1. Within region 114-135, is even one residue buried (at least 21 other Cβ atoms within 10 Å of the Cβ) and over 19 Å from ARG8 (Cα atoms)?
2. Name the residues in region 111-161 that are among the acidic types (Asp, Glu), under 17 Å from ILE41 (Cβ atoms) and free of Cβ contacts under 8 Å to residues at least 40 places away in the same chain, would you?
3. Which condition number in (1) touching a residue at least 60 places away in the same chain (Cβ under 8 Å); (2) surrounded by fewer than 15 Cβ atoms within 10 Å (Cβ to Cβ); (3) of a type outside the set (S, T, N, Q) is the one that GLY29 fails?
4. Among the residues of region 111-136 satisfying the criterion of being closer than 18 Å to ILE66 by Cβ and not acidic (Asp, Glu), which is farthest from the chain's Cα centre (by Cα)?
5. Could you please find all residues in region 68-81 being closer than 16 Å to ALA94 by Cα, touching a residue at least 12 places away in the same chain (Cβ under 8 Å) and of a type outside the set (Val, Ile, Thr)?
6. Answer with yes or no whether ALA90 is touching a Pro at 6+ places or on another chain (Cβ under 8 Å) and crowded, with 16+ Cβ neighbours inside 10 Å.
7. Yes or no: region 32-48 includes at least one residue that is part of a helix (DSSP H, G or I), touching a Phe, Trp or Tyr at 6+ places or on another chain (Cβ under 7 Å) and not β-branched (Val, Ile, Thr).
8. What pairs come out if I take residues in region 87-99 that are in a loop (DSSP other than H, G, I, E, B) and pair them with residues that are basic (Lys, Arg) whose C-beta lies under 7 Å away, six or more apart or interchain?
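Please treat every number below as a calculation from the coordinates, not as lab data. As the structure is a computational prediction, the values presented were derived from the model and not from experiment. Note: ideal-geometry Cβ built from the backbone for every residue, glycine included; neighbour counts use all protein chains shown.
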Amino acid sequence: MEREKYTRVTEILNKYSGLHNVPEKILDGAKERGTAVHKYISGYLNALPSDIAPELQGYADSFHKIEDRFTWVEEPSRFYCDDLCITGEADHIALYNGKCCIVDFKTPLKESKSWALQGAAYKYLALKSDIKIEGIVFIKLDKFGNEAEIYEYEDKIELFLMAVKLHKYFYGE
């Protein structure tokens with residue numbers, strides 16, 4: 001199968017995140033917000049000129065309040081697993097609490113149970129790409145500029161692999 005046809009980690013987990021019940025207009029707005037915030041952080045961490053819309057400034061301020069707790073290593077390219085025909089793209093790799101971690105930035109109001117599985121999938125995919133990852137960290141940015149919440153997750157790869165099997169069973173991918 002061609003890699004551009006591989007199933008995305010987020011597509012596999014969508015059914016478990018509750019997002020499939022959210023109206024498309026709201027999801028589109030959330031995707032635009034997330035993309036803009038990710039673009040700002042990526043530019044900032046890569047020392048590139050980086051602007052953010054005034055209504056999203058709180059997310060940037062939230063990030064800046066915790067950024068020095070990390071040593072930012074790299075922004076990885078998209079990962080692929082040819083065995084499972086899946087793909088995923090983490091936001092960053094950083095050192096945190098002495099461990100090399102997959103890092104993903106989030107902008108919703110509350111944590112999702114699917115984040116732990118998403119992080120496990122990204123760690124799995126990074127290891128398949130010979131990148132030694134020891135931890136999983138998700139950073140929930142605050143729209144009002146309060147300090148971001150940092151979530152460290154245990155590796156739940158077994159649960160993610162079950163989700164992959166269920167996805168393939170029901171959707172034949």
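1. Yes - at least one qualifying residue is present in region 114-135.
2. First, the residues of region 111-161 that are among the acidic types (Asp, Glu): 111, 130, 134, 142, 147, 149, 152, 154-155, 158.
Then keep just the ones that are under 17 Å from ILE41 (Cβ atoms); that gives 142, 147, 149.
Across region 111-161, the qualifying residue is only GLU149.
3. Every condition holds for GLY29 apart from (1).
4. At the first step, the residues of region 111-136 found to be closer than 18 Å to ILE66 by Cβ are 111, 115, 119, 135-136.
Filter again for not acidic (Asp, Glu), leaving 115, 119, 135-136.
Values: TRP115: 8, GLY119: 7, GLY135: 13, ILE136: 10 Å.
Among those residues, the one meeting the criterion is GLY135.
5. If the condition is that a residue be closer than 16 Å to ALA94 by Cα, touching a residue at least 12 places away in the same chain (Cβ under 8 Å) and of a type outside the set (Val, Ile, Thr), then ARG69, PHE70, TRP72, GLU74, GLU75, PRO76, SER77 are the ones that fit.
6. Working: touching a Pro at 6+ places or on another chain (Cβ under 8 Å): yes; crowded, with 16+ Cβ neighbours inside 10 Å: yes.
In short, yes.
7. Yes, there is a match, as at least one residue in region 32-48 is part of a helix (DSSP H, G or I), touching a Phe, Trp or Tyr at 6+ places or on another chain (Cβ under 7 Å) and not β-branched (Val, Ile, Thr).
8. Qualifying pairs under 7 Å: GLU89/ARG78.
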